[in-house]
Amino acid sequence: MADEASAKQAVVAPGQCPPEGCPPPTRIECIKVDKVYDSCFQVESRSRDTTVTTGVGGEFATGTFTVGQAIPCALAGPITCNVINRVPTTGNFATLTIVISVPVTLTNPNAPAETTDRVFTFTKIVTLCAPEGVTVDCENDSTLLFCNCVVSAVGVGTITVTCDFQVCLVIKTILTVQLLVPSYGFCVPAPCVVAPGVCPPAPPAQCF
């Protein structure tokens, strides 16, 4: 009986369970992991104005600018968040006031080598499970869906650029904890092969 159980355990590997089901775990392990206590997502549409210097010595030194001219815009780094207020509610829930920072790069349409960086910010209020000590994270999964910028005013040595942007914001409360989990022991890699096997499915999209 022991030999039969040992042989059954030897075939356990990452992937889907066979039709007859997975064998029972052989150990209970204590692992240190980042536990997601709660999360939420929302698409946020915002508009911001910014001033860019032009001419000799300016951020956009090349060419002339007209109202309505498009200014290329792209994400310049991770979207981050900072909790500025935390109000505990019932249980371990809390209402969080968060400042979201979206870094972007604006490019001179007359000279693609000329760029300037801006950080657009806005506040968001959410209620999440957030015990004391959690980290509020939004940079790993949040994305910039689009950023459309145009020249909205032309001055002497400056232009005003108006940017409409949309963010898929994913906010998580995370805490490093020790968890007890069922285990089959340590992972042992299989030999590499030329023919592909079965890949696990991609994670589901969070914004539509």
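Taking the criterion of being at pLDDT below 95, out of contact with any Cys (no Cβ under 6 Å at 6 or more places or on another chain) and of a type in the set (S, T, N, Q), the residues of region 83-126 that qualify are Thr89, Thr90. What do you reckon, is Thr107 loosely packed, with under 15 Cβ neighbours inside 10 Å, more than 18 Å from the chain's Cα centre (by Cα) and polar (S, T, N, Q)? So Thr107 does not fit the description; no.
Here Gln42 meets the list (1) at pLDDT 95 or above; (2) within 26 Å of the chain's Cα centre (by Cα) almost entirely, failing just condition (1). Among the residues of region 74-97, those identified as at negative phi, more than 15 Å from the chain's Cα centre (by Cα) and touching a residue at least 24 places away in the same chain (Cβ under 8 Å) are Ala74, Val83, Ile84, Arg86, Thr89, Asn92, Phe93, Ala94, Thr95, Leu96, Thr97. Identify the residue in region 112-145 that is farther than 28 Å from Pro72 by Cα and polar (S, T, N, Q) and, among all such residues, is nearest to the chain's Cα centre (by Cα). Checking each candidate, the answer is Thr135. Selection of first residues in region 164-186 that are at positive phi and of a type in the set (A, V, I, L, M) and of second residues that are surrounded by fewer than 21 Cβ atoms within 10 Å (Cβ to Cβ) and in a strand (DSSP E or B), restricted to Cβ pairs under 6 Å at least 6 apart or on distinct chains, gives an empty result.
Identify, please: which residue in region 52-63 is surrounded by 10 or more Cβ atoms within 10 Å (Cβ to Cβ) and of a type in the set (Val, Ile, Thr) and is, among those, nearest to Pro109 (Cα to Cα)?
As a first pass, look at region 52-63 and keep what is surrounded by 10 or more Cβ atoms within 10 Å (Cβ to Cβ): 52-55, 58-63.
Keeping just the survivors that are of a type in the set (Val, Ile, Thr) gives 52-54, 62.
Values: Val52: 13, Thr53: 14, Thr54: 12, Thr62: 9 Å.
That would be Thr62.
The values are calculated or read from the model by the stated rules, or taken from the named source; none is laboratory data. Fair warning: this is a prediction, and the values are worked out from it, not measured in the lab. For neighbour counting, all protein chains shown are included, and Cβ atoms are generated from backbone atoms with ideal geometry for every residue, glycine included.
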